[in-house]
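The structure appears right after this line, and notes come after that.
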Amino acid sequence: MTGETRMHDAVIEGLVARERISDETAELIFSPAFDEARGRLFAAADRIRHETVGDDVFIRGIIEFSNHCGCRCDYCGISSHNRDIPRYRMTRDDILATARSAYELGFRSLVLQSGEDRYYTSRDICDIIEHVKTDLGMAVTLSIGEWSKEDYAAFKAAGADRFLLRIETSDPTLFERYHKDSKWEDRHRALMNLKELGYQVGSGVLIGLPGQDGPGLARDLAYLERLQPEMVGIGPFLPHPKTPLGKNPPGEMRRCLTFLALLRLYLPDSFLPATTAMGTLDPEGRQKALRAGANVIMPNVSPVSNRPGYQIYPDKIGQSDDAETCQRCIEDLVLALGRKPNLGFGHIKRRIY
Ligand code: SAM
(Lines give C-alpha, C1' and ligand atoms only; values in the text may rest on other atoms or scores of the structure.)
Protein backbone atom coordinates (compact mmCIF):
# COMPACT_ATOMS: atom_id res chain seq x y z
CA MET A 1 0.00 0.00 0.00
CA THR A 2 1.40 3.42 -0.95
CA GLY A 3 1.58 6.36 1.43
CA GLU A 4 -1.06 8.11 -0.68
CA THR A 5 -3.47 5.17 -0.39
CA ARG A 6 -2.93 5.09 3.39
CA MET A 7 -3.57 8.81 3.62
CA HIS A 8 -6.76 8.52 1.52
CA ASP A 9 -7.98 5.59 3.65
CA ALA A 10 -7.48 7.69 6.78
CA VAL A 11 -9.58 10.44 5.15
CA ILE A 12 -12.36 7.91 4.41
CA GLU A 13 -12.22 6.64 8.01
CA GLY A 14 -12.72 10.20 9.24
CA LEU A 15 -15.69 10.66 6.89
CA VAL A 16 -17.26 7.37 7.99
CA ALA A 17 -16.85 8.59 11.59
CA ARG A 18 -18.65 11.81 10.53
CA GLU A 19 -15.76 14.04 11.56
CA ARG A 20 -15.94 17.72 10.67
CA ILE A 21 -14.57 18.19 7.15
CA SER A 22 -11.70 20.70 6.98
CA ASP A 23 -11.27 22.93 3.92
CA GLU A 24 -8.14 20.95 3.01
CA THR A 25 -10.02 17.63 3.09
CA ALA A 26 -12.89 19.16 1.12
CA GLU A 27 -10.48 20.38 -1.58
CA LEU A 28 -8.99 16.89 -1.77
CA ILE A 29 -12.11 14.72 -1.85
CA PHE A 30 -13.87 16.69 -4.59
CA SER A 31 -10.72 16.79 -6.78
CA PRO A 32 -9.30 14.28 -9.29
CA ALA A 33 -6.44 13.65 -6.78
CA PHE A 34 -8.91 11.51 -4.81
CA ASP A 35 -9.99 9.37 -7.79
CA GLU A 36 -7.80 6.47 -6.64
CA ALA A 37 -9.83 6.24 -3.39
CA ARG A 38 -13.25 7.33 -4.58
CA GLY A 39 -14.50 3.77 -5.22
CA ARG A 40 -13.72 2.89 -1.59
CA LEU A 41 -15.69 5.94 -0.39
CA PHE A 42 -18.65 4.85 -2.55
CA ALA A 43 -18.38 1.29 -1.20
CA ALA A 44 -18.52 2.63 2.38
CA ALA A 45 -21.61 4.69 1.53
CA ASP A 46 -23.23 1.72 -0.20
CA ARG A 47 -22.60 -0.45 2.87
CA ILE A 48 -24.18 2.14 5.17
CA ARG A 49 -27.14 2.47 2.77
CA HIS A 50 -27.65 -1.31 3.02
CA GLU A 51 -27.45 -1.24 6.85
CA THR A 52 -29.71 1.79 7.41
CA VAL A 53 -32.37 1.97 4.66
CA GLY A 54 -31.94 -1.50 3.16
CA ASP A 55 -31.90 -2.70 -0.42
CA ASP A 56 -35.26 -1.41 -1.61
CA VAL A 57 -35.23 1.37 -4.16
CA PHE A 58 -38.31 3.53 -3.62
CA ILE A 59 -40.01 4.58 -6.83
CA ARG A 60 -42.09 7.75 -6.80
CA GLY A 61 -44.03 8.91 -9.86
CA ILE A 62 -43.64 12.59 -10.66
CA ILE A 63 -46.25 14.76 -12.36
CA GLU A 64 -44.91 18.09 -13.64
CA PHE A 65 -48.27 19.85 -13.68
CA SER A 66 -47.30 23.41 -14.69
CA ASN A 67 -44.22 25.02 -16.22
CA HIS A 68 -45.39 28.57 -15.50
CA CYS A 69 -42.98 30.17 -13.08
CA GLY A 70 -42.82 33.56 -11.41
CA CYS A 71 -39.15 33.13 -10.41
CA ARG A 72 -36.03 34.17 -12.25
CA CYS A 73 -33.44 31.52 -11.40
CA ASP A 74 -30.42 32.14 -13.63
CA TYR A 75 -29.94 28.42 -14.40
CA CYS A 76 -33.48 27.19 -14.91
CA GLY A 77 -35.03 26.57 -18.33
CA ILE A 78 -38.60 27.25 -17.11
CA SER A 79 -37.70 30.47 -15.30
CA SER A 80 -39.65 33.54 -16.35
CA HIS A 81 -36.65 34.82 -18.40
CA ASN A 82 -37.23 32.13 -20.99
CA ARG A 83 -39.81 33.43 -23.43
CA ASP A 84 -39.07 30.71 -26.00
CA ILE A 85 -40.92 27.77 -24.44
CA PRO A 86 -44.57 26.88 -24.75
CA ARG A 87 -46.16 27.26 -21.31
CA TYR A 88 -48.73 24.76 -20.07
CA ARG A 89 -50.88 24.16 -17.03
CA MET A 90 -52.76 20.98 -16.25
CA THR A 91 -56.30 21.28 -14.98
CA ARG A 92 -57.28 19.75 -11.68
CA ASP A 93 -59.12 16.98 -13.55
CA ASP A 94 -56.08 16.25 -15.77
CA ILE A 95 -53.84 16.07 -12.70
CA LEU A 96 -56.23 13.69 -10.94
CA ALA A 97 -56.62 11.52 -14.07
CA THR A 98 -52.81 11.33 -14.41
CA ALA A 99 -52.50 10.41 -10.73
CA ARG A 100 -55.10 7.68 -11.24
CA SER A 101 -53.17 6.26 -14.24
CA ALA A 102 -50.03 6.15 -12.09
CA TYR A 103 -52.04 4.41 -9.34
CA GLU A 104 -53.25 1.83 -11.85
CA LEU A 105 -49.65 1.12 -12.85
CA GLY A 106 -48.94 0.34 -9.18
CA PHE A 107 -47.46 3.63 -7.93
CA ARG A 108 -48.42 4.50 -4.36
CA SER A 109 -46.15 7.52 -4.00
CA LEU A 110 -46.75 10.63 -6.06
CA VAL A 111 -44.72 13.82 -6.44
CA LEU A 112 -46.55 16.92 -7.69
CA GLN A 113 -44.07 19.42 -9.10
CA SER A 114 -44.45 22.78 -10.84
CA GLY A 115 -42.85 26.16 -11.33
CA GLU A 116 -43.86 28.83 -8.82
CA ASP A 117 -47.29 29.27 -10.34
CA ARG A 118 -49.80 31.31 -8.35
CA TYR A 119 -52.54 30.62 -10.89
CA TYR A 120 -53.34 27.71 -8.55
CA THR A 121 -54.58 29.05 -5.24
CA SER A 122 -53.76 27.39 -1.96
CA ARG A 123 -57.35 26.09 -2.01
CA ASP A 124 -56.81 24.54 -5.49
CA ILE A 125 -53.69 22.72 -4.28
CA CYS A 126 -55.54 21.48 -1.18
CA ASP A 127 -58.40 20.23 -3.35
CA ILE A 128 -55.98 18.22 -5.53
CA ILE A 129 -54.21 16.75 -2.49
CA GLU A 130 -57.52 15.81 -0.82
CA HIS A 131 -58.68 13.98 -3.92
CA VAL A 132 -55.42 12.08 -4.36
CA LYS A 133 -55.56 11.08 -0.69
CA THR A 134 -59.24 10.13 -0.44
CA ASP A 135 -59.73 8.61 -3.91
CA LEU A 136 -56.36 6.89 -4.29
CA GLY A 137 -54.72 6.85 -0.85
CA MET A 138 -51.31 7.65 -2.35
CA ALA A 139 -48.45 9.28 -0.44
CA VAL A 140 -48.20 12.88 -1.67
CA THR A 141 -45.01 14.87 -2.01
CA LEU A 142 -45.21 18.49 -3.09
CA SER A 143 -42.46 20.32 -4.97
CA ILE A 144 -44.08 23.68 -5.69
CA GLY A 145 -41.67 26.19 -4.18
CA GLU A 146 -42.02 28.86 -1.52
CA TRP A 147 -45.46 29.49 0.03
CA SER A 148 -46.47 31.08 3.33
CA LYS A 149 -46.43 29.01 6.52
CA GLU A 150 -50.26 29.19 6.56
CA ASP A 151 -50.40 27.69 3.05
CA TYR A 152 -47.93 24.95 4.00
CA ALA A 153 -50.12 24.21 7.03
CA ALA A 154 -53.21 24.01 4.80
CA PHE A 155 -51.46 21.57 2.40
CA LYS A 156 -50.44 19.44 5.38
CA ALA A 157 -53.99 19.46 6.76
CA ALA A 158 -55.24 18.42 3.31
CA GLY A 159 -53.01 15.35 3.54
CA ALA A 160 -49.61 16.21 1.99
CA ASP A 161 -46.92 13.96 3.46
CA ARG A 162 -43.70 15.45 2.14
CA PHE A 163 -42.29 18.60 0.63
CA LEU A 164 -39.22 19.02 -1.55
CA LEU A 165 -37.51 22.40 -1.52
CA ARG A 166 -33.84 22.61 -2.33
CA ILE A 167 -31.80 25.25 -0.56
CA GLU A 168 -29.72 25.10 -3.82
CA THR A 169 -26.67 26.46 -1.96
CA SER A 170 -26.04 27.21 1.71
CA ASP A 171 -24.12 30.35 0.70
CA PRO A 172 -26.53 33.35 0.80
CA THR A 173 -24.28 35.45 -1.50
CA LEU A 174 -24.09 32.72 -4.15
CA PHE A 175 -27.85 32.07 -3.82
CA GLU A 176 -28.74 35.71 -4.32
CA ARG A 177 -26.32 36.04 -7.27
CA TYR A 178 -28.40 33.51 -9.24
CA HIS A 179 -31.87 34.21 -7.77
CA LYS A 180 -32.14 37.93 -8.37
CA ASP A 181 -35.61 38.34 -6.92
CA SER A 182 -35.38 35.83 -4.04
CA LYS A 183 -33.74 35.91 -0.64
CA TRP A 184 -31.75 33.02 0.82
CA GLU A 185 -33.23 33.78 4.23
CA ASP A 186 -36.77 33.28 2.86
CA ARG A 187 -35.81 29.90 1.41
CA HIS A 188 -34.23 28.85 4.71
CA ARG A 189 -37.29 30.11 6.66
CA ALA A 190 -39.59 28.12 4.32
CA LEU A 191 -37.60 24.97 5.10
CA MET A 192 -37.81 25.66 8.85
CA ASN A 193 -41.57 26.18 8.53
CA LEU A 194 -41.95 22.85 6.74
CA LYS A 195 -39.94 21.14 9.50
CA GLU A 196 -42.04 22.78 12.21
CA LEU A 197 -45.25 21.66 10.50
CA GLY A 198 -44.14 18.03 10.61
CA TYR A 199 -43.58 17.36 6.92
CA GLN A 200 -41.05 14.82 5.77
CA VAL A 201 -38.78 17.47 4.30
CA GLY A 202 -36.55 17.12 1.27
CA SER A 203 -33.88 19.65 0.48
CA GLY A 204 -30.69 19.60 -1.55
CA VAL A 205 -28.18 21.53 -3.60
CA LEU A 206 -27.18 22.10 -7.18
CA ILE A 207 -23.70 20.78 -7.81
CA GLY A 208 -21.51 22.89 -10.09
CA LEU A 209 -23.01 26.35 -9.81
CA PRO A 210 -20.31 28.76 -11.00
CA GLY A 211 -18.47 30.04 -7.91
CA GLN A 212 -19.03 26.90 -5.83
CA ASP A 213 -15.91 25.08 -4.57
CA GLY A 214 -15.02 22.03 -2.45
CA PRO A 215 -15.07 23.86 0.91
CA GLY A 216 -18.40 25.42 -0.13
CA LEU A 217 -19.82 21.96 -0.75
CA ALA A 218 -18.60 20.86 2.70
CA ARG A 219 -20.48 23.85 4.15
CA ASP A 220 -23.58 22.77 2.18
CA LEU A 221 -23.25 19.35 3.78
CA ALA A 222 -22.92 20.92 7.24
CA TYR A 223 -26.04 23.03 6.56
CA LEU A 224 -27.97 19.87 5.62
CA GLU A 225 -26.67 18.10 8.72
CA ARG A 226 -28.10 20.91 10.86
CA LEU A 227 -31.40 20.90 8.97
CA GLN A 228 -31.76 17.09 9.23
CA PRO A 229 -34.04 16.71 6.20
CA GLU A 230 -35.64 13.32 5.66
CA MET A 231 -34.71 13.47 1.96
CA VAL A 232 -31.91 15.14 0.04
CA GLY A 233 -32.02 15.54 -3.73
CA ILE A 234 -28.89 16.71 -5.46
CA GLY A 235 -27.90 16.91 -9.08
CA PRO A 236 -25.47 18.56 -11.45
CA PHE A 237 -26.16 22.05 -12.75
CA LEU A 238 -26.82 21.51 -16.47
CA PRO A 239 -26.55 24.65 -18.63
CA HIS A 240 -29.69 25.63 -20.50
CA PRO A 241 -28.84 27.79 -23.54
CA LYS A 242 -31.80 30.13 -22.99
CA THR A 243 -30.67 31.16 -19.49
CA PRO A 244 -28.04 33.61 -18.18
CA LEU A 245 -25.83 30.66 -17.06
CA GLY A 246 -26.23 28.88 -20.41
CA LYS A 247 -22.57 29.19 -21.41
CA ASN A 248 -21.11 27.72 -18.21
CA PRO A 249 -19.80 24.13 -17.99
CA PRO A 250 -22.04 21.51 -16.35
CA GLY A 251 -21.45 20.24 -12.83
CA GLU A 252 -19.12 17.24 -12.60
CA MET A 253 -20.36 13.71 -12.00
CA ARG A 254 -17.39 13.11 -9.69
CA ARG A 255 -18.58 15.89 -7.39
CA CYS A 256 -22.22 14.77 -7.51
CA LEU A 257 -21.41 11.18 -6.56
CA THR A 258 -18.95 12.25 -3.87
CA PHE A 259 -21.52 14.60 -2.33
CA LEU A 260 -24.14 11.85 -2.48
CA ALA A 261 -21.81 9.40 -0.69
CA LEU A 262 -21.14 12.04 1.99
CA LEU A 263 -24.88 12.53 2.45
CA ARG A 264 -25.26 8.81 3.08
CA LEU A 265 -22.43 8.92 5.65
CA TYR A 266 -23.54 12.10 7.44
CA LEU A 267 -27.36 11.62 7.18
CA PRO A 268 -27.39 7.80 7.22
CA ASP A 269 -31.13 7.13 7.24
CA SER A 270 -32.15 9.85 4.77
CA PHE A 271 -33.79 9.04 1.46
CA LEU A 272 -31.55 10.02 -1.43
CA PRO A 273 -32.73 10.01 -5.04
CA ALA A 274 -30.67 9.01 -8.04
CA THR A 275 -31.80 12.07 -9.97
CA THR A 276 -32.79 12.50 -13.60
CA ALA A 277 -30.14 15.23 -13.92
CA MET A 278 -27.43 12.67 -13.04
CA GLY A 279 -28.88 10.30 -15.65
CA THR A 280 -28.85 13.13 -18.18
CA LEU A 281 -25.22 14.08 -17.51
CA ASP A 282 -24.05 10.45 -17.67
CA PRO A 283 -26.03 7.58 -19.25
CA GLU A 284 -25.02 5.41 -16.26
CA GLY A 285 -25.49 8.27 -13.79
CA ARG A 286 -28.47 6.88 -11.91
CA GLN A 287 -26.92 3.43 -11.61
CA LYS A 288 -23.72 4.99 -10.27
CA ALA A 289 -25.76 7.04 -7.78
CA LEU A 290 -27.61 3.93 -6.57
CA ARG A 291 -24.22 2.31 -5.92
CA ALA A 292 -22.91 5.35 -4.03
CA GLY A 293 -25.70 5.72 -1.44
CA ALA A 294 -28.96 6.52 -3.26
CA ASN A 295 -32.20 4.61 -2.60
CA VAL A 296 -34.95 6.52 -4.47
CA ILE A 297 -35.77 7.11 -8.11
CA MET A 298 -38.51 9.33 -9.52
CA PRO A 299 -39.72 8.39 -13.00
CA ASN A 300 -41.84 10.88 -14.88
CA VAL A 301 -45.50 9.94 -15.12
CA SER A 302 -46.60 13.26 -16.68
CA PRO A 303 -48.46 13.22 -20.01
CA VAL A 304 -45.82 12.86 -22.77
CA SER A 305 -47.26 15.90 -24.57
CA ASN A 306 -46.17 18.15 -21.67
CA ARG A 307 -42.59 16.92 -21.48
CA PRO A 308 -41.01 19.30 -24.04
CA GLY A 309 -42.33 22.22 -21.97
CA TYR A 310 -40.62 21.03 -18.78
CA GLN A 311 -37.02 21.18 -19.99
CA ILE A 312 -35.42 22.77 -16.93
CA TYR A 313 -32.21 21.74 -18.71
CA PRO A 314 -31.73 20.39 -22.24
CA ASP A 315 -31.78 16.73 -23.32
CA LYS A 316 -33.58 15.57 -20.19
CA ILE A 317 -33.80 11.77 -20.36
CA GLY A 318 -37.08 9.86 -20.78
CA GLN A 319 -38.79 12.67 -22.73
CA SER A 320 -40.67 10.41 -25.12
CA ASP A 321 -41.39 7.50 -22.75
CA ASP A 322 -44.91 7.20 -21.39
CA ALA A 323 -45.44 6.44 -17.69
CA GLU A 324 -45.57 2.68 -18.23
CA THR A 325 -42.35 2.63 -20.26
CA CYS A 326 -40.60 4.85 -17.68
CA GLN A 327 -41.76 2.55 -14.89
CA ARG A 328 -40.60 -0.62 -16.68
CA CYS A 329 -37.21 0.79 -17.54
CA ILE A 330 -36.68 1.99 -13.94
CA GLU A 331 -37.69 -1.39 -12.52
CA ASP A 332 -35.28 -3.13 -14.93
CA LEU A 333 -32.51 -0.72 -13.95
CA VAL A 334 -33.07 -1.44 -10.24
CA LEU A 335 -33.29 -5.22 -10.69
CA ALA A 336 -30.10 -5.24 -12.78
CA LEU A 337 -28.29 -3.79 -9.75
CA GLY A 338 -29.56 -6.64 -7.55
CA ARG A 339 -31.88 -4.26 -5.66
CA LYS A 340 -35.62 -4.39 -5.09
CA PRO A 341 -38.01 -1.92 -6.74
CA ASN A 342 -40.58 -0.66 -4.22
CA LEU A 343 -43.62 1.26 -5.50
CA GLY A 344 -45.09 1.65 -1.97
CA PHE A 345 -45.58 4.77 0.14
CA GLY A 346 -41.87 4.95 0.97
CA HIS A 347 -42.26 6.79 4.26
CA ILE A 348 -39.08 7.57 6.11
CA LYS A 349 -38.53 5.91 9.45
CA ARG A 350 -36.33 8.21 11.48
CA ARG A 351 -33.79 6.78 13.86
CA ILE A 352 -31.67 8.71 16.31
CA TYR A 353 -27.93 8.42 15.69
N1 SAM B 1 -40.43 25.43 -8.34
C2 SAM B 1 -40.06 24.35 -7.48
C3 SAM B 1 -38.80 24.68 -6.69
O4 SAM B 1 -38.09 25.62 -7.08
O5 SAM B 1 -38.54 24.02 -5.72
C6 SAM B 1 -39.87 23.04 -8.21
C7 SAM B 1 -39.41 23.08 -9.62
S8 SAM B 1 -37.69 23.46 -9.84
C9 SAM B 1 -37.59 23.43 -11.59
C10 SAM B 1 -36.91 21.93 -9.31
C11 SAM B 1 -35.40 21.93 -9.25
O12 SAM B 1 -34.87 21.95 -10.55
C13 SAM B 1 -34.73 23.08 -8.56
O14 SAM B 1 -34.67 22.88 -7.17
C15 SAM B 1 -33.34 23.12 -9.21
O16 SAM B 1 -32.31 22.67 -8.36
C17 SAM B 1 -33.48 22.19 -10.42
N18 SAM B 1 -32.97 22.82 -11.66
C19 SAM B 1 -33.46 23.90 -12.27
N20 SAM B 1 -32.70 24.22 -13.34
C21 SAM B 1 -31.71 23.30 -13.40
C22 SAM B 1 -30.58 23.12 -14.26
N23 SAM B 1 -30.32 23.94 -15.28
N24 SAM B 1 -29.76 22.08 -14.03
C25 SAM B 1 -30.02 21.22 -13.01
N26 SAM B 1 -31.06 21.36 -12.16
C27 SAM B 1 -31.89 22.39 -12.34
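The values are calculated or read from the model by the stated rules, or taken from the named source; none is laboratory data. Note that the structure is predicted; figures quoted are calculated from it, not measured. Here Cβ is always computed from backbone atoms with ideal geometry, including for glycine, and neighbour counts include all displayed protein chains. Side chains included, ligands, DNA and RNA excluded: accessible areas come from the protein's heavy atoms. Shrake-Rupley method; radii C 1.70, N 1.55, O 1.52, S 1.80 Å.
Once fully extended, how much extra length lies between A10 and L197, figured as 0.36 nm per residue of separation less the alpha-carbon to alpha-carbon distance? Write out the running numbers ahead of the final one.
Values: separation 187, 0.36 × 187 = 67.32 nm, distance 4.04 nm.
Length gained between A10 and L197: 63.3 nm.
Explain nothing, just the number: dipole magnitude of the chain about its Cα centre with +1 on each Lys and Arg Cβ and -1 on each Asp and Glu Cβ, in debye rounded to the nearest 20.
Roughly 260 debye, rounded to the nearest 20.
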How far is the Cα center of the range 1-73 from the Cα center of the range 157-230, in Å?
18 Å
Taking only C-alpha pairs under 8 Å that are 6+ residues apart, what is the relative contact order of the range 68-195 in percent?
25 percent
Probe 1.4 Å, accessible area per residue of the range 167-248, Å²:
38 Å²
If the cut-off is a Cα-Cα distance under 23 Å, which lysines reach K180, setting aside same-chain residues fewer than 8 apart in sequence?
K149, K242, K247
Mind checking the full-extension length gain between A17 and R226? Use 0.36 nm per residue of separation minus the Cα-Cα distance, one decimal, nm.
73.6 nm
Cys residues of the chain with no disulfide-compatible partner (no other Cys Cβ under 4.7 Å) are C69, C71, C126, C256, C326, C329
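So, R0 is 30 Å and r is the distance between the beta-carbons of R123 and D282; what FRET efficiency does that work out to, to 0.05?
In this case the efficiency is close to 0.10.
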Looking at the square roots a ≥ b ≥ c of the eigenvalues of the Cα gyration tensor of the range 183-270, which shape do they give, rounded for a/c under 1.5, prolate if a/b is larger than b/c, or oblate?
oblate
Can you tell which of C73, I63, T98 lies farthest toward the positive end of the dipole of the range 19-124, using +1 and -1 charges on the Cβ of basic and acidic side chains (Lys, Arg; Asp, Glu)?
T98
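How high is the FRET efficiency from S148 to A33, r the C-beta distance, R0 51 Å, rounded to 0.05? Don't jump to the answer; show the numbers that get you there.
Numbers: r = 46 Å, r/R0 = 0.91.
Calculated transfer efficiency: 0.65.
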Which of P241, G251, Q228 sits closest to the plus end of the dipole of the range 224-263, meaning its Cα is farthest towards the positive end, when Lys and Arg get +1 and Asp and Glu get -1 on the C-beta?
P241
Hey, got the dipole for the range 62-102? About the Cα centre, +1 on K and R Cβ, -1 on D and E Cβ, debye to the nearest 20?
100 debye
Considering only protein heavy atoms and a probe of 1.4 Å, how much of the accessible area of the chain is carbon and sulfur, as a whole percent?
52 percent
With axes computed from alpha carbons, what is the tilt in degrees of helix 3-16 against the longest principal axis of the chain, rounded to the nearest 10 within 0 to 90?
40 degrees
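Between Q319 and D84, what length comes free when the chain is fully extended (0.36 nm per residue of separation minus the Cα-Cα distance, one decimal in nm)?
On the way: separation 235, 0.36 × 235 = 84.60 nm, distance 1.83 nm.
So the chain would gain 82.8 nm between Q319 and D84.
How many percent of DSSP beta bridges within the chain run antiparallel, rounded to 5?
Working: 2 of 30 bridges.
Around 5 percent of the beta bridges assigned by DSSP in the chain are antiparallel ones.
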